[in-house]
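What follows draws every value from the coordinates through simple rules; no lab data is involved. All figures in this text were calculated on a predicted structure; none of them were measured in a lab. Using ideal geometry, Cβ is built from the backbone for each residue, glycine included, and neighbour counts are taken over all protein chains shown.
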Amino acid sequence: MARHLLVPGRGIPRPEHWLRRWADAHPDYRWAPPPPGPPFILADRVAALHAAVTADDEPAVLIAHSAGCLTTVAWAARHAGPVQGALLVTPPYLDPQWTPGPDDPPDYGQAFGAVPRERLPFRTTLVASRTDPYTTYAQFEQYAEDWGAELFDAGDAGHIETASGYGPWPDGERLVAALG
């Protein structure tokens, strides 16, 4: 039996968001960290994830959305712990030349620098959308190759959040079950 740790993105998931729904439906799922909302401070997020992963010897399945995926790969590049697998849902593509868009906080890209590209030391499924506003499908494919992740094509799914119509997400629940 594995623990399930929810790694939120940059903002606070709305009550309809699939992450929030899963947290409500599964009292044993834990936030790592609890959704703090902006500003996004990567070092704080990585430290909170490390504390949650190492709080128990029982293997964990990490369930991350958007910037939470980047928190997860940054954690894996710096730390180790009992992680059985990870579901990375629509990680935003950032590179060193990235500049914030008009709706992004100006320090968002600086919070990351270069996204770690090393193979992850645990089984990983990366969920890709063909219509994500932050990442092209080819960029998802490159992330999956770099991280050694299985790529799941979600089709025309936007950013797989509330605005894209995702509250309930049965495919996601099946992907988590397959990880442990």
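With loop membership from DSSP and a limit of 13 other Cβ atoms within 10 Å, the longest segment of the chain without trypsin sites (Lys or Arg not before Pro) is 1-116. Taking the charge dipole of the chain about its Cα centre, with +1 at Lys and Arg Cβ atoms and -1 at Asp and Glu Cβ atoms, the residue from 169, 179, 79 reaching farthest to the positive side is 79.
Of 59, 82, 38, the residue with the greatest mean-square motion in the GNM of the chain, using alpha carbon springs below 10 Å, is 38. Remark: the stretch 86-93, residue by residue, has Karplus-estimated 3J(HN,Hα) of 9, 10, 10, 9, 6, x, x, 7 Hz, where x stands for each Gly or Pro and the curve is 6.51 cos²θ - 1.76 cosθ + 1.60 at θ = phi - 60°. Per residue, the average separation of C-alpha pairs within less than 8 Å and at least 6 apart gives the stretch 3-179 a relative contact order of 22 percent.
Packing order of peptides 147-153, 136-142, highest average first: 147-153, 136-142 (average count of other Cβ atoms within 10 Å over each peptide's residues).
Listed values for the stretch 7-20 are Karplus-derived 3J(HN,Hα) couplings in whole Hz (6.51 cos²θ - 1.76 cosθ + 1.60, θ = phi - 60°), namely 10, x, x, 5, x, 9, x, 5, x, 7, 4, 4, 4, 5, and x replaces Gly and Pro. Of the residues 126, 66, 5, the one whose Cα sits farthest toward the positive end of the charge dipole of the chain, with +1 on the Cβ of Lys and Arg and -1 on the Cβ of Asp and Glu, is 5.
Calculated from the structure, Cα Rg over 2.2 N^0.38 Å equals which of [x] 0.93; [y] 1.00; [z] 1.14? Correct label is [x].
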